[in-house]
Amino acid sequence: MRVHHLPALPKVQNSCICIAQPVSWEAGTQSLQCLTTLVKNLFLTPTRPSPDTAPCCSQEAQISRFAFIASTSVKEWTDVLHVCFSFRLDDCNLSSSNCRDLSSIIHTNPSLKELKLNNNELGDAGIEYLCKGLLTPSCSLQKLWLQNCNLTSASCETLRSVLSAQPSLTELHVGDNRLGTAGVKVLCQGLMNPNCKLQKLQLEYCELTADIVEALNAALQAKPTLKELSLSNNTLGDTAVKQLCRGLVEASCDLELLHLENCGITSDSCRDISAVLSSKPSLLDLAVGDNKIGDTGLALLCQGLLHPNCKIQKLWLWDCDLTSASCKDLSRVFSTKETLLEVSLIDNNLRDSGMEMLCQALKDPKAHLKELWVRECGLTAACCKAVSSVLSVNKHLQVLHIGENKLGNAGVEILCEGLLHPNCNIHSLWLGNCDITAACCATLANVMVTKQNLTELDLSYNTLDDEGVMKLCEAVRNPNCKMQQLILYDIFWGPEVDDELKALEEARPDVKIIS
């Protein structure tokens, strides 16, 4: 049995057990006994709370997260899981037969708040068993993940009963299941029940069509608690999205997240999406990536984004057929919308001229953007002076994904001038597949050692060779280097570098070198 320590949680009352992939659910007596003893020692031993945790933990101990990988059966866990608030069983080869045991765990554990069962072949029969536990009066589950569990519309009636009967349930994730329009219409009936207090509904890849929108709008009108709605990767089309947006404008719910990626949207829908942006100050996260809205659609969206009511924080526009022409409108948004913190423009043909316009906007004192994703945007070394200028001026920018662009050594050298500026606060820098060679690694190594706020660097798919990787390793060894993650996918090196990387793992266990 292996135990992996994960980051400690904030102050909590209970504990989280995560059984991670890969797992075989064939019973193993020896590992089970060892695991049971460990769990009891960790979670069942009384501990006096420290002064700073006492107010929230009462008589229970402050416990950090642990992840367990073991060979055992779900049934054998029931006697040690009654104190767990979160049970995560993603990718565990579970089937419908395991759901009887899970139902028993739910029934006997009123403390359970989160249950993750993603990527298991539970099927409709398994959900029927599971929901028997969810429908017990003692159940107080708040978050349920059932993504990619081989569910069909037949499961939706059972899930509707749970939505109608359990006011504690605030999140339901059922994406990647063939629920279909008919099945989700049944779910919407549960949403409309007064007992339902759902706040987050995830329906990605559910084979929905335009016919679902009427039911969704009815649920939106009846459910003011709903905060997040994800409908990405369903063939809705413009007509349905327009209808949905009109429903959102009229609905009383304070929607915070709306994801409509790969929904067959064109510029025809953008005026209605813009109306949602201008009428819903609650909307913080909008994703419309992988839709061919083009420059015309983007211009319409920007009208809503620039409205005083709009408080958007996260905007995903990847692969939207945008060109440099869109950057003029986006520049106005960047320089005036102080709430905007994260933007993805991946896989749009912005070119150097477009990037230079965005950079000019990012130098405005009102630009508070923290994350900018411009991977695969047709950029070259010609725009790097403008980007470097932003890095030396903008103290807010922390994450820059600029990989998959032909920057070359010359471009990256210019970027490093900005990275080394005292004002630069970049934490994460992605330069994968940027035509970098070993000749650039000395400068990058200097940045790694000098800029202690830089904790993540991706240099994958570059021809760094042994010489370049060794320079990076030397930088990681330097105590001034605060790197936490160095990503070097698909970079070829010899035995000497292999030996150095192994030695580095022992010398700097706090640094993850991913290759």
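Put simply, of Leu169, Leu179, Leu187, Leu208 the only residue that is farther than 16 Å from Leu255 by Cβ, out of contact with any strand residue (DSSP E or B) (no Cβ under 9 Å at 6 or more places or on another chain) and in contact (Cβ under 8 Å) with a residue 24 or more places away in the chain is Leu208. If the condition is being surrounded by fewer than 22 Cβ atoms within 10 Å (Cβ to Cβ), more than 22 Å from the chain's Cα centre (by Cα) and closer than 23 Å to Leu208 by Cα, then region 252-270 contributes Cys253, Gly264, Thr266, Ser267, Asp268. For region 290-306, filtered to residues that are under 22 Å from Leu236 (Cβ atoms) and in a loop (DSSP other than H, G, I, E, B), the residue that is most open to solvent (accessible area, probe 1.4 Å) is Asp290. Among residues of region 402-424 that are under 20 Å from Glu371 (Cα atoms), those with a beta-carbon under 6 Å from a residue that is aromatic (Phe, Trp, Tyr) and crowded, with 20+ Cβ neighbours inside 10 Å at least six positions away or on a different chain give the pairs Gly403/Trp430.
Contact map, region 441-470: first residue among the aliphatic types (A, V, I, L, M), second residue open to solvent by 60 Å² or more (accessible area, probe 1.4 Å) and not in a loop (DSSP other than H, G, I, E, B), Cβ cut-off under 7 Å, separation 6 or more or different chains; pairs are Ala442/Lys471; Ala445/Lys471; Ala445/Glu474. The selection criterion, being at pLDDT 95 or above, within 26 Å of the chain's Cα centre (by Cα), of a type in the set (Val, Ile, Thr) and over 21 Å from Leu419 (Cβ atoms), holds for Thr339. Residues that are closer than 27 Å to Ala287 by Cβ and open to solvent by 10 Å² or more (accessible area, probe 1.4 Å) within region 367-385 comprise His368, Lys370, Glu371, Trp373, Arg375, Glu376, Gly378, listed in sequence order. Restricting attention to region 193-221, the residues that are open to solvent by 40 Å² or more (accessible area, probe 1.4 Å), of a type outside the set (D, E, K, R), farther than 17 Å from Leu257 by Cβ and touching a Leu at 6+ places or on another chain (Cβ under 9 Å) add up to 4.
Looking at Lys328, is it closer than 27 Å to Ser460 by Cβ, basic (Lys, Arg), open to solvent by 20 Å² or more (accessible area, probe 1.4 Å) and in a helix (DSSP H, G or I)? No. Per the listing Asn109, Asn148, Asn177, Asn118, the residue uniquely modelled with pLDDT of 95 or more and in contact with a His (Cβ under 9 Å, 6 or more places away or on another chain) is Asn118. Scanning region 153-179 for residues that are open to solvent by 50 Å² or more (accessible area, probe 1.4 Å) and not in a loop (DSSP other than H, G, I, E, B) yields a total of 6. Taken over region 259-286, the criterion of being charged (D, E, K, R) and either over 15 Å from Leu236 (Cβ atoms) or modelled with pLDDT under 95 (or both) is satisfied by Arg271, Lys280, Asp285.
Only residues that are open to solvent by 50 Å² or more (accessible area, probe 1.4 Å) and not in a loop (DSSP other than H, G, I, E, B) were counted in region 386-411, giving 3.
Based on this model, can you work out whether Lys337 counts as of a type in the set (Lys, Arg) and surrounded by 18 or more Cβ atoms within 10 Å (Cβ to Cβ)? Spelling it out, Lys337 is indeed of a type in the set (Lys, Arg) and surrounded by 18 or more Cβ atoms within 10 Å (Cβ to Cβ). Of all residues in region 446-479, those satisfying the criterion of being within 20 Å of Gly494 (Cα to Cα), assigned to a helix (DSSP H, G or I) and open to solvent by 10 Å² or more (accessible area, probe 1.4 Å) are Asp465, Asp466, Glu467, Met470, Lys471, Glu474, Arg477.
The values are calculated or read from the model by the stated rules, or taken from the named source; none is laboratory data. Predicted model, so just to flag it, every value in this text is computed and none were measured. Positions of Cβ are backbone-derived with ideal geometry, glycine not excepted, and every protein chain shown enters the neighbour counts. Quick note on the areas: whole protein, heavy atoms, side chains included, nothing else; ligands and nucleic acids left out. Shrake-Rupley method; radii C 1.70, N 1.55, O 1.52, S 1.80 Å.
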